[in-house]
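Have a look at the structure below before the remarks.
Bear in mind these aren't lab numbers, they're just calculated from the coordinates by the rules spelled out. These numbers were taken from a predicted model, which means no experiment stands behind them. As a convention, Cβ positions derive from the backbone with ideal geometry for all residues, glycine included, and neighbour counts pool all protein chains shown.
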Amino acid sequence: MYKQKLIDILKDVSVKYGDFKLSGGKKSNFYIDGKQTALNAQGSYLISKMILEKLNPEVVAVGGMTIGADPIVGAVASMSWSPECDNKYPVQGFIIRKDIKKHGTYKYVEGMGNLQKGDFVCILEDTCTTGVSVLSAISKAEHEGLKVVQVITVVDRQEGAKERIESAGYPFTALILKEDLISEESKDDNEKNKEIVEQAVSKNCKEVGK
């Protein structure tokens, strides 16, 4: 029930078709602006409920790289305290800076006042493509003494993130896959483009063999 409603909201406010450059530099005709759904009232509620349902029982806090994970972290922490939540204890939140703080605590992680070194935590992300950003977040969290035991993303673009993160030793879960969001028309276009590329490669190989 939650999944289909979340898919509908993602399609309505987050999914874009056009000419886009992804964070890793790769070009794509399909873009997911996950923050639009994470900042949507119903979207935030659905994401929080689904994450808490999938959260490992040993996890005491959730966090992620600013700014994509920020609204998700806050929503999950708040929902875990709600009477309607089945959690036996509240889940704390933390935010990971891209660069170390240049004053005050001089740390990567905000929210350590609610945590202890060695605590089991889950890294959250709104959209995963290659997984590089998540691995960076993991590295910074572990630098502060936290133990990352799980990764959850709202959307997996299915472009290598799952494989890269799991090969590094971290369980990976996606609430929604790219294939759940992509339109039938776009699927047809992608198949046509794939066929064109395969035909071109085949033709070049034949010409080289002459």
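Observations, loosely collected:
- In the stretch 52-104, GluC sites (Glu not before Pro) in a DSSP loop with at most 15 other beta-carbon atoms within 10 Å: Glu58, Glu84
- Shown in residue order for the stretch 135-143 are the 3J(HN,Hα) couplings computed by the Karplus curve 6.51 cos²θ - 1.76 cosθ + 1.60 at θ = phi - 60°: 5, 5, 5, 4, 4, 5, 5, 6, 4 Hz (x for Gly and Pro).
- Three-way shape call for the stretch 2-182 based on the alpha-carbon gyration tensor, with the a/c threshold at 1.5: oblate
- A Förster radius of 30 Å, combined with the Cβ-Cβ distance separating Arg97 from Asp8, puts the computed FRET efficiency at roughly 0.35.
- In the stretch 1-89, chymotrypsin sites (Phe, Trp or Tyr not before Pro) in a DSSP loop with at most 14 other beta-carbon atoms within 10 Å: Trp81
- For trypsin sites (Lys or Arg not before Pro), the sites in the stretch 79-138 that DSSP calls loop and that have at most 11 other Cβ atoms within 10 Å are Lys88, Lys102, Lys117.
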